[in-house]
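The values are calculated or read from the model by the stated rules, or taken from the named source; none is laboratory data. Since this is a predicted model, take the numbers as computed values, not measurements. Glycine gets a Cβ as well: all are built from the backbone with ideal geometry, and neighbour counts include every protein chain shown. Heavy atoms of the whole protein, side chains included, go into the accessibility calculation; ligands, DNA and RNA do not. Shrake-Rupley method; radii C 1.70, N 1.55, O 1.52, S 1.80 Å.
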Amino acid sequence: MPTKVVLGLQHGDEGKGRVVDDLVQTWADVVVRFQGGGNAGHTVYDEKGHKFVTHILPVGVLNENKFNLIAKGCVINVIDLYNEIKELNVKPENMLISGLCPTIEPVHLAKDKVKYQGRLGTTGRGIGPAYSDFYARDSILFKDAINNPQKSMSKIQEKFFDYQTYLAETYLIDLSKDEDIHDLIDQNFKAFNSWVEDYYSAVEFLKPYLLQKEDLIQDLYYQDLNILLEGAQGSGLSIYSTNYPDVTSSSPSVGEVLNSTGLNHNQIDEVIGVIKSYKTKVGSGTFPSQIFDNNANILADVGKEYGATTGRPRKCGWLDLDEVKEAVIQNGITHICVTKTDVMTHIDNPKYYSNKVFYDFAKIESVSIDDLSFVGLLDVIRKITGVNNISFTTGPKRGEIVWNTELKEYNDTKI
Ligand code: IMP
Ligand code: MG
C-alpha cells in the first residue's frame, strides 16, 4: 500500500540509484521506472564495493526478491533492453514491461545522432525522436513489437528508409555536404543492419516480460506491498523546465508518476528529492552556479563526475538552492536526501547559491552530525526549502546512508 517516489532535483546524477537501492534493501517490495529510457545511468556500489549500473531497468533488479515494473511513460530500445536483462540475469517473475511503452527504433537513433547529439549534447540513445513519434502517434509500442514483430519490422524499415531518402535529398540540394552526407548515410545503414540482425531474437526473448494487465499497479497497491517509484534524470532536465531546449524529452516529476503508472495523487505517500551537495550537468548549456576555477576539477576528480551512460565529463557547480526550492514546491517534496558530501570535504572554501547570490561556508571536515559546517549546510537546505526531513549519505557504498536526521536548530554565524 504505501508508496514513495524518488526524484532528482538537479540535472540528473544526484545519486538517485544508490538511494533507490537502499530503499530496495530496507523497504520496497515493488520498484517502478516511470519515465526516460536508456539515457539514464543509475550506479550502485554494493557492500563490497562492486559496481552495478542500470540504464532502462529499475534498480530493484539488483535484488532477486523484488518485483519490478517498467511503466508506459518509458521509451524502450528492445535490443538494449534484451542486453541489459541478459547482463543482469533478470527473470520475468521479477520484472514486467508495459505494452504501452513506445519503442526506440533505428530511425530514432539515427536522427538523434545526426541532429541532436551535437546540438544539444544528448546521450544519442534516440530518446527525443522516440518521444516525438509517440506524441505524433507514430510509435511502435512494446506490445506491437512483441505480438507482431514482422509487421513492426516493415514499419521500422519504412520509417528508416524514408529518413535515409530525406538525407540523400538534402545532399542533392546542398552539394557542399556531399561527403559528410554519404558517410552519414553509410553509418546509419551499418547501425541499422546490426540492429535488425538482433531484432527477432530480442523480441522473442522478451515475450514473457510483457505486462498482460495494464492496471496491475492498482492490484499491487491494494496488496500489502511497499511500492517505490524510481525517477530518472532530474527536474532541471524536464521537458517542461525553463531550461528548454537543454533538457531531455520526458518529465521527471510526480505528475509523470501519475501519467505513467495509473496511480492517482491520493495514492502517493512520500516524495523524496535527491540532491548532491554540489551540482553537475552533462550536455549543452551552462547554469548559474557553474564553477570555473580549480574547485570544479577537484569535484570532478574526487566525485568521479563522468557520465555513467556516455562517459562524458560533467560540468561542476555549487549547490543551487533556487532550483532545488522550485523543484521542492512543484513536486510536493517532503523529504530530501543529500548525497556526496564526502566529496565536499576536499574543498577548502565551499559555497552554495541561493537567491542568485553565492554564500561561503566553512570547510566540511567530515560527513557527520558532529561536524558543525556539515550540520550547518543541512540546516541551510532545511530553512531555504522548508523541508524538515533530511537524510544524507556518508559514502558511496550500500548502507552508507543516514535516514531521517532530526536536525536541531542551528545558529552559527559562519553559515
Ligand atoms: P537525451 O535525454 O539523451 O535526449 O539528452 C538530453 C539532455 O539530457 C542531455 O543534456 C543529456 O546529457 C541529459 N541527460 C539525459 N539523461 C541523463 C541522465 O540520466 N543524467 C544526466 N543527464 C542526462
Ligand atoms: Mg546518472
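Structure data summary
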| quantity | calculated |
| --- | --- |
| Probe 1.4 Å, protein heavy atoms only - accessible area per residue of the range 226-310 in square angstrom | 38 |
| Within-12-Å neighbourhood charge of residue 36 [Cβ basis; K, R +1; D, E -1] | +1 |
| Using distinct alpha-carbon pairs, which all enter the 1/r mean, Kirkwood radius of the range 128-231 in Å | 17.0 |
| Amide hydrogen neighbours beyond the local backbone of residue 76, cut-off 5 Å, H modeled | 103, 104 |
| Amide proton proximity set for residue 95, modelled H, under 5 Å, gap of 5+ | 68 |
| 10 Å-binned pair-distance histogram of the range 14-155 (Cα, whole percent) | 12, 40, 32, 14, 2 |
| Bins of 20 Å from zero: percent of alpha-carbon pairs in the chain | 27, 54, 18, 1 |
| Cross-link reach list, aspartates and glutamates versus residue 383, counting only Cα pairs under 13 Å and skipping chain neighbours closer than eight places | 322, 409 |
| Across 276/363; 72/276; 113/143; 72/190; 281/397; 91/213, pairs whose alpha-carbon gap is larger than 20 Å | 72/276; 113/143; 72/190; 281/397 |
| Inter-probe distance in nm under a simple model that places probes 7 Å from Cα toward Cβ, at residue 190 and residue 148 | 3.4 |
| Restricting the range 292-374 to trypsin sites (Lys or Arg not before Pro) in coil, as DSSP defines it, with at most 15 other Cβ within 10 Å | 304, 356, 363 |
| Cα Rg, Dmax, the range 62-122, angstrom units | 14.3, 42 |
| Pairs of alpha carbons in the range 269-392 whose separation is greater than 27 Å (percent) | 14 |
| Karplus-derived HN-Hα couplings along the range 41-51 (A = 6.51, B = -1.76, C = 1.60, θ = phi - 60°), whole Hz, x at Gly and Pro | x, 9, 9, 10, 10, 6, 4, 8, x, 6, 9 |
| For residue 9, distant residues with modelled amide H under 5 Å away | 235, 274 |
| Loop-located GluC sites (Glu not before Pro) in the range 346-411, at most 15 other Cβ atoms within 10 Å (DSSP) | 365, 406, 409 |
| Selected from 211, 263, 167 as most flexible by GNM, with the chain as the system and alpha-carbon contacts under 10 Å | 167 |
| ³J(HN,Hα), Karplus 6.51/-1.76/1.60, whole Hz, each residue of the range 270-277, x for Gly, Pro | 9, 10, 9, x, 9, 10, 7, 6 |
| Distance between modelled label sites at residue 89 and residue 334, nm, 7 Å Cα→Cβ extension | 3.9 |
| Two-decimal Rg to Rh for the range 218-292 - Kirkwood Rh, Cα set | 1.06 |
| Within a Gaussian network of the chain (alpha carbon springs, distance under 10 Å), most fluctuating of 268, 181, 390 | 181 |
| Helical contribution to [θ] at 222 nm, DSSP H n ≥ 4, -39,500 (n - 2.57), averaged over the chain, rounded to 500 | -11000 deg cm²/dmol |
| Neighbour-limited loop hits for chymotrypsin sites (Phe, Trp or Tyr not before Pro), the range 287-331 (at most 12 other Cβ within 10 Å; DSSP other than H, G, I, E, B) | 292 |
| Top of 366, 154, 253 by mean-square fluctuation, Gaussian network on the chain, Cα under 10 Å | 154 |
| Table column - 3J(HN,Hα) (Hz), the range 348-353, Karplus curve with 6.51, -1.76, 1.60, x for Gly and Pro | 6, 10, x, 9, 10, 10 |
| Inter-label distance, nm, simple model (7 Å from Cα along the C-beta direction), residue 213/residue 25 | 3.2 |
| Förster radius 22 Å - calculated FRET efficiency between residue 370 and residue 349 (Cβ-Cβ, nearest 0.05) | 0.55 |
| Cubic angstrom per residue, convex hull over Cα atoms of the range 35-101 | 80 |
| Solvent exposure of the range 98-217 as accessible area per residue, Å², 1.4 Å probe | 54 |
